[in-house]
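Report on the structure given below.
The values are calculated or read from the model by the stated rules, or taken from the named source; none is laboratory data. In this text, all values refer to a predicted model and were calculated from it rather than measured experimentally. In this analysis, Cβ positions are derived from the backbone assuming ideal geometry, glycine residues included, and neighbour counts consider all displayed protein chains. The accessibility values were calculated without ligands, DNA or RNA, using every heavy atom of the protein model including side chains. Shrake-Rupley method; radii C 1.70, N 1.55, O 1.52, S 1.80 Å.
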Amino acid sequence: MLDSREISAKVLFNVFSGKSIDDAISSNTHYSKLTQRDKSLVSLIVLNSLRRNGQIEAIMSNFIKRPIKDSKFIKYLLKVSIVQLLYLDFPEYSTVHTAVEISKKYKSEKFMNAILRNICRQKKDLLKKTPQTLNIPLWIKKNIKGFLGETEFLNIATQISREPFLDINIKKDSFKERRWGSVFKGKNIFENVVRVKNHSNITKLPFYKDGVWWVQGLSATLPVFLINKIFANKNKDNISILDVGSAPGGKAFQLLDLGFKVKSIEISKRRIEILKSNFERLKFKSEIINCDFLNFDEREKFDCILIDAPCSGSGLMQKKPEILVTEKKIDPLLRKQKNMLKKASKLVKAGGCIIYAVCSLLRNEGEGQILKFINNENNFYLKSIFSDLNNLGVTLKSKTFITTPAHLSEKGGMDGFFIACIFKNDKL
Ligand SMILES: C[S@@+](CC[C@H](N)C(=O)[O-])C[C@H]1O[C@@H](n2cnc3c(N)ncnc32)[C@H](O)[C@@H]1O
């Protein structure tokens, strides 16, 4: 049986080799034999090693002048040990001792001992001299620094090193029935959203089986909040909404809960299954279509098309820190987003709207993409309807809206999310 620190290093190694965290964990045969406490320890170490990767690499380069040649695994054991010593405040003696014991199997105990003892001696200095901005990889940094500014960039870097919270969205009728903040020992932060301490197994949270709530980050609830505002004075059963890129379903659940007429489209068969089982637990019913939106029949027209487009996910650096160590290919995503907008323009009724959203902080996936669309399409215009959301994000000059991890930071931050509300002229 392997020690949980050794398992953490192996999981980290696999994430760096391209596996998702979930796959890296589930493919580790030793992990399933751990106690719940040790499983949580592995998650804590792995997630924080990813969050602090830029800082850890900078520290390693101070002490290691030649590539580690004996075993690649040793590099990851070193990373998980550094995160324990510097950023998780684990006791020095046991952390170093465990790492050295594991290293014996790889004949690297002297190397490990020397580096870790040096790091312990220089702890204060290293913490002071190694800024959190190093954790944001260049492909994100160069994109957001000019767009959002230096101060916002620094604030984002600070926020993404912190443990994220879990946001729970409660069905509107159930929301009135109890004080959900107390039920979850959390805080009601916006509309029906209660923010709670992160939990490793959400199925153990109260009322899970009753199907009255789902997990959904606060930022991700805002597109439907805006749709509800747009159609506030209308009979919702008559408002047809095409929910594009539907799985796992957060926005579809909100729309159905509010009473809209929804059709959900999702390209991925695997994700459709997740969507269906979520619908079942939450007792929602609506049409789900497994197809590529770009090939969707254009005869039926909709009052609103909600495009939750595939994107870099750069807004989710805090919740999904593997984004910090895996560079995405942006060009194919940009092409897809552009084609989705074009397709939506043909499916929306005159006077209707397209709500475009991406969980990205990159300008070219958000504002840049939308401004190109508006410049090319004479019949569409942007409308700023974000006045209720002033404390959650910023309205950009282009009349679009963005939240970043630095917003609402006193309450735990937000996922980075971009939203545009595009209206089609009434008289064509
Ligand atoms: C950001 S996720 C959507 C999250 C979802 N709307 C929610 O609120 O839970 C984007 C989704 O778009 C789907 N997708 C990507 N390309 C698509 C396409 N061409 N047609 C339909 N769905 C697509 C992906 O499989 C993915 O599930």
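Overview of values
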read-out	value
Lysine-lysine proximity count for the stretch 56-136, Cα under 20 Å, sequence distance 8 or more or distinct chains	29
Calculated FRET value between LYS172 and SER94, using beta carbons and R₀ = 51 Å, to 0.05	0.55
Peptide ranges 77-83, 292-298 listed from the most packed, as the mean C-beta count within 10 angstrom indicates	77-83, 292-298
For the stretch 148-191 versus the stretch 54-113, the gap between their alpha-carbon centres in whole angstrom	35
Carbon and sulfur %, accessible surface of the chain computed with the full protein complex present, 1.4 Å	49
Cα-centre dipole for the stretch 153-211 with unit charges at Cβ (Lys and Arg positive, Asp and Glu negative), debye to 20	200
Pairwise FRET efficiency - VAL394 versus LYS342, Cβ, R0 = 41 Å, nearest 0.05	0.90
Packing-based ranking, highest mean first, of 167-177, 311-321 given that Cβ atoms within 10 Å are counted	311-321, 167-177
Relative contact order [Cα under 8 Å, 6+ residues apart], the stretch 218-424, whole percent	20
Gain upon complete extension [ASP237, LEU154; 0.36 nm per residue less C-alpha separation]	25.4 nm
Protection proxy ranking of 254-265, 196-207, 124-135 - average other beta-carbon atoms within 10 Å, highest first	254-265, 124-135, 196-207
With DNA, RNA and ligands ignored, accessible area of TYR31 (1.4 Å probe; Å², nearest 10)	40
Stretchable slack from LYS72 to ASN425, in nm (0.36 nm times residue separation minus alpha-carbon distance)	121.2 nm
For the stretch 1-44, accessible area per residue (1.4 Å probe, heavy atoms of protein chains only), Å²	52
ARG117 - accessible surface, heavy atoms, 1.4 Å probe, Å² rounded to 10	100
The stretch 296-428 - accessible surface per residue (Å², probe 1.4 Å)	42
Average accessible surface area per residue within the stretch 124-263, 1.4 Å rolling probe, Å²	48
